[in-house]
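For reference, the structure discussed in these notes is given below.
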Amino acid sequence: PDIDSMDLKNAFGVNNLNWYNNISWRENLGKGWKMNIGAGYSTNTDDITQQLQNQNNQPQTFPDKPWLQAKNFVLNSRQDLSQVKAVMEKRLFGISTIRFGGEFMHFVNNTNFADSLKSHLIDNLAAAFAETDIYVTNDLAAKIGGRFEHSSVLGKANFAPRISLAYKVGIGAQVSAAYGIFYQKPENNQLIYSQNLGYTRATHYILTYQKSTNDRIFRTEVFYKKYADLIKTVPLDYFYFNYNNSGTGYAKGIEFFWRDKKTIKNFDYWISYSYLDTKRDYLNYPGELQPTFAANHTVSLVTKRFFMDIKTGFNFTYSYATGRPYYNFMYNGPGNKYSIADQGKTRDFHNVGFSMNYVPSIGKQNSKMFWVLVASVTNVLGNDQVFGYNYS
């Protein structure tokens, strides 16, 4: 059903073709040197049709109602990526090592929207990177590195330093701290309209404690991430807007993970919990708000039991998440920001999944060949999930 009318339907179709392949070469060069070289190519084509239809599935046009007519379109899109990467590694003293290398990626993006907007984007992204693993003592290790990138479509470069420290605090236990800066290019659908944009940036601060002994793992992590230069949409009128890098945001929270494969023979389970407090002022948000994809609390329970006599494993998964926010942004006219006309949160998310895997073998003991047959069912309880709302 079409959200802007009482009797129309939205008919959507997509034909997709994608292809990916790579090749890699690894070599020990002697005297502590190792070499890794890889190359890859991928292509993805989407032919999308969107059409308004009546109850008899007949196409409808509305030249005098642009908000409806805009839903009739054909979109053809193709993305190609060619990539080469080389990494050299050298053993230093003890088990300390240094790695360095380079990467080159050639992106081509062609888009044709309703024969009225055609875009041909080409980006050559060159990168150089280096990092070292240094074992200061038997209990203290450090990883220090950095990455330099240059994008031809943006005409800009960046440098991202990263460092982490790990310290043993007991048998099978360690505390680690990490700091790093990460950059990302704007999305292609944003670069189509404006190439006068820069990288978006995230600065990460992470503190982790982990203990792993006797087939049991416990891990807890606290994090803070600061976002800068996010993409903002600035409205010019009801249908057109500009882009800039004035967006901001943050994310902070704590995570717990527990896995136990020892207590019950052939039984494996793990529990994870995450608390997330995040807000962003980006896209058409009128200020810093919790994004519509973020839930404050998420929990996951996974159980796995394998029966050797029948060579079959049974797996159950339960996932829970608190409701995610939704907003109705209203544009108030030229020169004004968007405002929030309505907002709320969806109901909580519950999902139970089941899968089983059968692993028989063929051949003699010294030349066995194994194969796997897998069957799975998601949302076993048939919950009616709600991920958000759209407004007419």
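Details
- Scanning region 239-253 for residues that are of a type outside the set (G, A, S), open to solvent by less than 50 Å² (accessible area, probe 1.4 Å) and either without any contact (Cβ under 8 Å) to a residue 40 or more places away in the chain or more than 26 Å from T278 (Cα to Cα) (or both) yields a total of 1.
- Top-ranked residue in region 324-337 [being open to solvent by 40 Å² or more (accessible area, probe 1.4 Å) and not small (G, A, S); ranked as modelled with the lowest pLDDT]: P334
- Any hit, region 259-271, residues being open to solvent by 50 Å² or more (accessible area, probe 1.4 Å), modelled with pLDDT of 95 or more, on the phi > 0 side of the Ramachandran plot and under 22 Å from the mean Cα position of the chain (by Cα): no
- Residues of region 356-382 that turn out to be assigned to a loop (DSSP other than H, G, I, E, B), more than 24 Å from Y320 (Cβ to Cβ) and touching a residue at least 12 places away in the same chain (Cβ under 8 Å), as a count: 4
- Residue match in region 26-34 (condition: at pLDDT 95 or above, under 29 Å from the mean Cα position of the chain (by Cα) and assigned to a strand (DSSP E or B)): yes
- The residues in region 182-195 that are at pLDDT below 90 and open to solvent by 70 Å² or more (accessible area, probe 1.4 Å) can be counted, and the count is 3.
- For P66, the stated conditions do not hold, so it cannot be described as loosely packed, with under 14 Cβ neighbours inside 10 Å and over 25 Å from N189 (Cβ atoms).
So that you can scan it fast, the table gives a plain yes or no per residue for (1) farther than 30 Å from S82 by Cβ; (2) in contact (Cβ under 8 Å) with a residue 12 or more places away in the chain:
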| residue | (1), (2) |
| --- | --- |
| D2 | yes, yes |
| V14 | no, yes |
| N56 | yes, no |
| Q60 | yes, yes |
| L68 | yes, yes |
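- Test: residue in region 212-227 that is under 28 Å from V108 (Cβ atoms) and either touching a Pro at 6+ places or on another chain (Cβ under 7 Å) or in contact (Cβ under 8 Å) with a residue 40 or more places away in the chain (or both): no
- One residue stands out in region 357-382 among those that are over 25 Å from the mean Cα position of the chain (by Cα), open to solvent by less than 70 Å² (accessible area, probe 1.4 Å) and not hydroxyl-bearing (S, T, Y): the one that is nearest to F314 (Cα to Cα), namely N357.
- Extreme residue, nearest to the chain's Cα centre (by Cα), among residues of region 140-176 that are open to solvent by 70 Å² or more (accessible area, probe 1.4 Å) and among the charged types (D, E, K, R): R162
- Verdict on Y209 being over 21 Å from the mean Cα position of the chain (by Cα), outside any strand (DSSP E or B) and not polar (S, T, N, Q): no
- When the residues of region 16-48 are filtered to those that are among the hydroxyl-bearing types (S, T, Y) and open to solvent by 70 Å² or more (accessible area, probe 1.4 Å), the one that is farthest from V108 (Cα to Cα) is S24.
- Wholly within region 248-355, strands (runs of 3 or more DSSP E) carrying at least 3 residues that are of a type in the set (F, W, Y) and farther than 21 Å from T220 by Cα: 325-331
- Evaluating Y179 against the criteria (1) open to solvent by 70 Å² or more (accessible area, probe 1.4 Å); (2) within 25 Å of K226 (Cα to Cα); (3) in a loop (DSSP other than H, G, I, E, B) leaves one unmet condition, (3).
- Odd one out for N244, checked against (1) assigned to a strand (DSSP E or B); (2) within 20 Å of Q343 (Cα to Cα); (3) of a type outside the set (D, E, K, R); (4) over 22 Å from the mean Cα position of the chain (by Cα): (2)
- Of residues in region 87-108 being at pLDDT below 95 and either within 30 Å of L75 (Cα to Cα) or not in a strand (DSSP E or B) (or both), the one least open to solvent (accessible area, probe 1.4 Å): S96
- Criterion violated by N76 - all others in (1) open to solvent by less than 40 Å² (accessible area, probe 1.4 Å); (2) without any contact (Cβ under 8 Å) to a residue 40 or more places away in the chain satisfied: (1)
- Any hit, region 112-135, residues being open to solvent by 40 Å² or more (accessible area, probe 1.4 Å), within 30 Å of S392 (Cα to Cα) and among the basic types (K, R): yes
- Sole exception among (1) open to solvent by 80 Å² or more (accessible area, probe 1.4 Å); (2) under 30 Å from K211 (Cβ atoms); (3) among the hydrophobic types (A, V, I, L, M, F, W, C) for F293, by number: (2)
The values are calculated or read from the model by the stated rules, or taken from the named source; none is laboratory data. Worth saying up front: this structure is predicted, and the values here are computed from it rather than measured. Cβ atoms come from the backbone with ideal geometry, glycine included; neighbour counts cover every protein chain shown. Heads up: the accessible areas ignore ligands, DNA and RNA and are worked out on the full protein's heavy atoms, side chains in. Shrake-Rupley method; radii C 1.70, N 1.55, O 1.52, S 1.80 Å.
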